[in-house]
Each structure stands twice: as C-alpha cells, then as structure tokens.
Amino acid sequence: MDIFVQQLVNSLSVASVTILIGIGITLIFGLAGIVNFAHGEFLMVGGMATWFMAGAGMNFFVALVFAGLLVGALGFAAERCLFRFTLNRPMNGFIMSIGLSVILQHAVIRVFNEFQKSITDPVGLVWTIGGVDIIAMRAIVVAITVVIVAITYFGISRSRYGMALRASVSDRDTAELMGIPVRRYVTGVFIYGSLLAGIGGALMISLFPITPFTGSVIIIRGFAVSLIGGLGNVGGAVVGGLVLGLVDGLSAGYGYPEWTDAYSLVVMILILVLRPQGLLGGTLGPKAS
Amino acid sequence: MPMTDNSAGKIGAAPEGARARDRLALLTADNAAVPLPASVQAITAILLAALLIALPWLGLGYRFLSIAITTLYTAIGLYGLGLQFGQAGIMSVGHAALMGVGAYASAILSVQLDLGFWTSLPFAMALSAIVGGVIGLPTLRVGGQHYIIITFCFCALFVIVLTNGGTFTGSATGLDVGSVTPLPGINFDKLSNNYYLVLAALFLALAATHLIGISRYGRTLRAIRENEQLARSVGINVDLHKLGVLMVSGLFAGLAGVLQLYYLRHISPTLFGAFPSLYLALMVMLGGARYLYGPLIGAVIVNFLPEVLNLDPVDSRIAYGVCLLLVILLLPGGVGAGIKNIYCAIAGGSVTQGGGANGRA
C-alpha cells in the first residue's frame with residue numbers, strides 16, 4: 001500500500017508537467033487556432049535554460065521565472081514572425097511549426113550538446129507522512145501546477161478577457177465588430193501558452209533529466225491531453241493530464257513499462273477517431289482545411 | 001486547402017511596365033494549374049531522364065552515387081506523399097512508417113520464408129497499400145490537422161511495436177537481408193546497377209504520378225481538395241477517392257521501403273520513426289507537392305545540400321528548418337513553383353494561357 005501511495009504521488013508530479021503542456025496546447029490550438037508542433041521544443045528550451053541558469057549558480061525558483069519569461073518571449077517572436085502570416089492557412093502554420101521544432105532542437109544541440117542534462121534537487125528535502133516518503137520537490141511541482149491551473153481556469157471562464165477571447169473563437173467577425181482586438185488576443189494566448197511551456201520545462205528538469213529530443217516525445221502527450229479534454233477546455237486538459245499521468249506512472253510501476261508510451265498514443269488515436277471534439281467537449285479547433 | 005490557383009490567367013502575361021511588386025507576385029504565385037506547352041514538358045522529361053541515366057558515367061565517385069540512390073528511393077516515397085497531399089490535400093507526417101511497413105514486410109518475408117527481392121516486393125507493396133488505406137480511414141471522419149496528428153501517432157506506435165517485437169522484428173537492432181536476387185546478366189551488388197534499379201522504379205513513380213495527374217481520377221481528387229462538400233454534392237464518391245489515393249500512396253511507399261531495405265541491407269526502427277517522417281513532409285513541402293518534379297527537387301535539395309555546402313548534420317538540419325520556413329512564408333507552392341515561374345517570366349508571352357487540368361512544371 002505504501003508503495004502504491006508513493007507511485008501515486010510520483011505519478012501526480014509527472015502528470016503536473018503533462019497538464020502544463022496540455023493547457024498550453026489546448027489554449028493555443030483551441031482558442032488561438034494555431035497548431036504549434038514546436039510547443040514541446042518550447043518546453044525543452046525552458047528546461048535547458050533552467051539547467052544553464054541553475055548551473056551558473058542561480059536559485060532554481062528565480063531561474064524558473066526567467067525560463068518562463070524567456071520562452072514567453074520566444075513565443076512572441078514566433079507568433080509575430082511566423083504564425084501571424086498563416087492564420088488563414090492553418091495547415092501551412094502546422095508545417096511551419098514542424099520546421100521551427102527542427103530548428104530549435106538542433107539550435108540547442110549546437111549551443112550545448114545532445115547529451116541529457118539534469119540539475120540537483122533544488123529543495124533536497126524528503127517528507128515522511130504516515131510512513132510514505134514524499135520528495136518535497138515533487139509536492140512543490142504539484143502545488144505550482146495547481147496554482148497555475150486555477151489562475152488559467154478563472155482567467156478563461158470568469159474574467160473579461162477570457163470572455164472576449166471565447167467570443168472571438170465562436171464568432172470572430174462579430175467579436176471584431178464589437179471592438180475586440182482579436183489579433184492581439186491571439187498573440188496574447190500564444191505568449192501565455194508558451195510561458196506555461198517554459199515553466200513546465202523548468203519543473204520537468206527538476207524531476208528528471210531532459211535531452212534536446214525530449215520535446216518531440218512530450219508534444220505527443222500534450223496533444224493527447226488537450227484532445228482528450230477537448231480543445232480550449234482547461235478543465236478537460238487537467239482531467240486528461242491526470243488520466244494519462246496516472247496510467248503512465250502506474251503502468252511503469254505495475255504493468256509493462258516498455259509499452260508505456262504506446263498507451264497514450266492508442267488512447268489518442270481512438271479519441272480522435274471516435275470523438276474528435278474531445279471527451280469533455282470543447283471547440284473543434286481551427287476549421288479543418 | 002485554401003491555396004487556390006487564383007492566378008491562372010496571369011502567368012507569363014506581365015505587361016511591359018509591370019511594377020516590381022507585381023513581378024514579385026508573379027514569381028511567387030502558385031501556378032500548378034496552368035500547363036506548360038507539351039513540347040516544353042517533353043523536353044524537360046527527356047533532359048532529366050538523360051541526366052539521371054548518365055549520372056553513374058560522370059565519374060562523380062562512390063559517395064556521390066550512394067547519396068544519389070538515397071535521394072531516388074526517398075523521392076519515390078515522396079511521390080506517394082505528393083499525390084495524397086498535392087492532389088487530394090491530405091497531408092501526413094507518418095509517411096516514413098508506411099515505407100517501414102514495406103521494408104519490414106520484405107525483410108520478415110526474407111528472414112522467415114526466405115523470399116527474395118522480386119518475390120517479396122509485390123507482397124510488401126500490397127501490405128503498405130492496405131496499411132495506408134487503414135490509417136486513412138479516420139480521414140473520412142476528421143479533417144486536416146487532426147488527421148496529421150493521427151499519422152504522427154501511428155508512426156510513433158509503429159516504432160514502439162517494432163522495438164518490442166522480439167526476434168520477429170529484430171527489436172531495436174533490426175533485421176538484415178541479403179542482396180537483390182540477380183537478373184540474368186545483371187548483378188545488383190554493383191552500385192551502379194543498384195542505382196539503375198532504383199532509377200527504373202523512380203521512372204515508374206514519375207509516370208504513374210503524371211498519368212494520375214492528367215487523368216479524370218486526378219481531376220476528381222483536385223476537386224475534392226478544393227471543395228469537399230461541393231464534390232460530394234455533384235455525386236463524387238469522396239470517401240472512395242480519398243482511400244484510393246492513400247492506398248496508391250502506400251504502394252509507392254512500399255516500393256520505396258523495399259528499395260531502401262535492399263540498398264542498406266539492414267533496417268532498424270529508428271529509420272522509420274518520427275524524424276524521418278517529418279523530413280519527408282519537409283521535403284515534399286520544400287519541392288512543391290503539386291508539381292511533377294517537385295518531390296524530386298525536394299529530395300535532391302535535402303540530400304545534397306549538406307554535401308554541397310559541407311555542413312555537419314546539426315547545421316544542415318537547422319538549414320532545412322530555415323528553408324522550410326522561408327518556403328512557406330515566401331513561396332507556398334515550393335521550389336517547383338519558383339522554377340516554373342522563373343521559366344514563365346523568361347519565356348514571356350510564349351506560354352499558352354488557359355485553365356487546363358494538369359498542373360505540371
């Protein structure tokens with residue numbers, strides 16, 4: 001039983017990173033209408049930046065903030081220089097994001113190298129609660145994710161900006177006529193999603209080592225999470241991330257670890273075919289072209 | 001695909017005093033729908049064929065010829081992708097996995113049943129076509145981007161299955177095969193003969209692509225690409241056509257995969273994973289999926305660029321990425337479109353105008 005609880009806590013911390021990238025994708029794909037295949041690379045860049053700054057002696061939590069800002073700036077640049085021009089041709093934007101992911105991956109290899117990087121546990125505490133050992137950093141990762149999810153959820157569902165954003169998704173022309181600067185919202189969502197990827201990357205490297213190729217693995221889980229939950233649906237992404245994280249964590253502990261990656265892929269293909277709008281509903285994303 | 005062929009009447013018709021901006025627009029337009037004169041098409045085809053046939057005799061060395069073989073079998077796979085994307089508008093980023101189905105089918109037949117190149121080829125191609133059709137089933141339900149994600153998942157899943165397949169698929173180390181069964185008087189162990197084998201297959205792929213492009217079938221596919229609902233409403237069986245083109249694309253991929261297998265003599269799962277698939281998508285976009293020679297141009301650029309510029313693999317991949325971004329932003333029709341437009345600008349008014357059906361550069 002103790003082992004089960006520990007597996008559960010570990011899975012929760014892994015699920016946190018998955019949820020962060022899933023929320024980023026669900027917002028960018030579902031609300032801004034951009035399929036960004038380089039989102040996983042954004043996360044990887046955030047992790048690498050954290051590794052570099054922590055290696056230079058910076059406090060982890062300060063580095064986390066900087067990593068988030070750096071990747072947010074990267075997202076801003078990508079949206080302004082690239083995706084802005086393909087808003088009417090989502091397919092071209094998708095292909096371009098593949099090119100961007102290849103560039104980022106190899107730029108990181110060029111700047112650092114292709115080997116895996118890790119940092120020492122920034123907190124280094126282990127709490128024992130009722131006979132269960134909990135690594136403090138993992139609990140902190142979960143806590144940070146909970147805060148971010150709460151901010152995002154209420155920002156989208158309750159705030160004025162969230163309402164305007166949802167209005168622009170459901171009817172872009174009318175929203176524009178009502179004076180909503182739709183383009184600026186698209187940029188804003190893109191930056192916010194990228195920022196979450198940067199923070200996710202920083203949290204990820206505090207849990208396990210990452211390589212320049214981590215992004216292309218995690219992107220698939222991010223798409224799986226956002227599609228399970230329904231695009232644009234923050235709550236759905238949380239549920240999706242939890243399900244996927246728990247299945248992964250528990251299958252690594254009990255099932256067939258060599259098939260771990262296959263589960264999320266199979267789940268995703270089935271959902272895409274049977275319920276393209278996601279299990280919990282959401283927008284269908286940009287109109288299929 | 002909203003890349004409409006809206007400039008059908010403009011090609012080669014630049015007035016004398018056209019402003020620079022108009023000229024630029026002419027050069028970057030996507031004119032796939034405007035046919036070149038038959039004589040130009042024939043001359044291009046003959047020159048290209050002559051060049052490709054003469055290549056081993058130019059004394060360019062073993063390494064050059066090896067890269068040429070890689071380029072050609074990649075191009076065969078790309079012609080399948082070019083058909084499904086360029087004609088029917090269905091993109092895939094899991095195409096290397098389809099090549100892998102062909103390659104692994106042939107390798108497993110060779111290991112388990114001792115079948116050679118020629119006997120296993122039809123089975124491998126048929127299996128690739130069937131798998132292509134099965135993966136294509138979701139296209140009947142979901143649109144563009146969702147389908148791309150499905151193909152990417154399939155590709156990742158394929159690699160996991162191969163890696164966990166035990167001795168049957170050779171796990172992570174892969175499988176080995178012997179050489180191509182010699183035909184009377186032709187031994188394919190010699191590199192130049194292997195080159196001609198792949199070249200012959202490429203000519204088949206080119207001819208098939210051209211014939212599909214000018215046929216009624218090709219026109220129907222383009223109608224579906226431009227407006228699926230309209231095509232459906234005039235009585236076209238959209239589902240059947242979509243599955244059909246994906247199966248044809250699978251046939252090409254299977255052929256390419258078997259050629260790749262017997263050129264390398266050894267295959268492993270990483271050859272058919274996510275990265276090779278992404279590079280295939282990149283090449284077809286780079287070259288221009290709607291142009292007859294587009295996929296070939298894309299394969300040549302991607303395979304020869306690092307060699308010509310003497311780049312190491314990391315730099316060359318950054319270069320591909322940058323090229324892809326530039327092509328999408330500035331030249332959505334691909335390099336094929338650019339070459340055709342430059343030709344039209346030089347040839348000026350001698351190019352016939354009209355809305356003919358076959359878009360060939």
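The values are calculated or read from the model by the stated rules, or taken from the named source; none is laboratory data. Note that the coordinates shown come from a computational prediction; the quantities given were computed from them, not determined experimentally. Cβ atoms come from the backbone with ideal geometry, glycine included; neighbour counts cover every protein chain shown. Accessible surface is based on the protein model in full, side chains and every heavy atom, while ligands, DNA and RNA are left aside. Shrake-Rupley method; radii C 1.70, N 1.55, O 1.52, S 1.80 Å.
Conditions tested, residue by residue: (1) modelled with pLDDT of 80 or more; (2) open to solvent by 50 Å² or more (accessible area, probe 1.4 Å).
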position	(1), (2)
B:P184	no, yes
B:S192	yes, no
B:L211	yes, yes
B:S215	yes, no
B:G218	yes, no
B:E228	yes, yes
B:R232	yes, yes
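In this structure, is B:T70 under 15 Å from the mean Cα position of the chain (by Cα), in contact (Cβ under 8 Å) with a residue 24 or more places away in the chain and open to solvent by 30 Å² or more (accessible area, probe 1.4 Å)?
Values: under 15 Å from the mean Cα position of the chain (by Cα): yes; in contact (Cβ under 8 Å) with a residue 24 or more places away in the chain: yes; open to solvent by 30 Å² or more (accessible area, probe 1.4 Å): yes.
Here the answer is yes, as B:T70 does meet what is asked.
Given the structure, is A:A67 of a type outside the set (D, E) and more than 10 Å from chain B (Cβ to nearest Cβ)?
Taking the combined requirement at face value, the residue satisfies it.
All but one of (1) at pLDDT 90 or above; (2) over 20 Å from the mean Cα position of the chain (by Cα) hold for B:A205; which doesn't?
(2)
Do any helices (runs of 4 or more DSSP H) lying entirely in the range A:144-254 carry at least 3 residues that are free of Cβ contacts under 8 Å to residues at least 60 places away in the same chain and open to solvent by less than 10 Å² (accessible area, probe 1.4 Å), and which ones are they?
Because the criterion is at least 3 residues that are free of Cβ contacts under 8 Å to residues at least 60 places away in the same chain and open to solvent by less than 10 Å² (accessible area, probe 1.4 Å), no helices (runs of 4 or more DSSP H) in the range A:144-254 meet it.
Out of all the residues in the range A:255-273, which are closer than 18 Å to B:Y147 by Cβ, facing another protein chain (nearest Cβ under 9 Å) and either open to solvent by 10 Å² or more (accessible area, probe 1.4 Å) or touching a strand residue (DSSP E or B) at 6+ places or on another chain (Cβ under 6 Å) (or both)?
A:V266, A:I269, A:V273
Can you pull out the helices (runs of 4 or more DSSP H) entirely within the range B:197-315 that have at least 3 residues that are over 28 Å from A:S216 (Cβ atoms), within 14 Å of chain A (Cβ to nearest Cβ) and touching a residue at least 60 places away in the same chain (Cβ under 8 Å)?
Hits in the range B:197-315: B:216-226.
For the range B:328-342, enumerate the residues that are more than 9 Å from chain A (Cβ to nearest Cβ) and part of a helix (DSSP H, G or I). Can you show your working first?
Going through the range B:328-342, the residues more than 9 Å from chain A (Cβ to nearest Cβ) turn out to be B:330-331, B:333-342.
Answer for the range B:328-342, where residues must be more than 9 Å from chain A (Cβ to nearest Cβ) and part of a helix (DSSP H, G or I): B:L330, B:V335, B:G336, B:A337, B:G338, B:I339, B:K340, B:N341, B:I342.
For the range A:87-116, how many residues meet the condition of being open to solvent by less than 10 Å² (accessible area, probe 1.4 Å) and either of a type in the set (F, W, Y) or more than 7 Å from every other protein chain (Cβ to nearest Cβ) (or both)?
5
Tell me, please, whether a residue that is away from chain A (no Cβ under 13 Å) and assigned to a helix (DSSP H, G or I) can be found in the range B:169-186.
Yes, because at least one residue in the range B:169-186 is away from chain A (no Cβ under 13 Å) and assigned to a helix (DSSP H, G or I).
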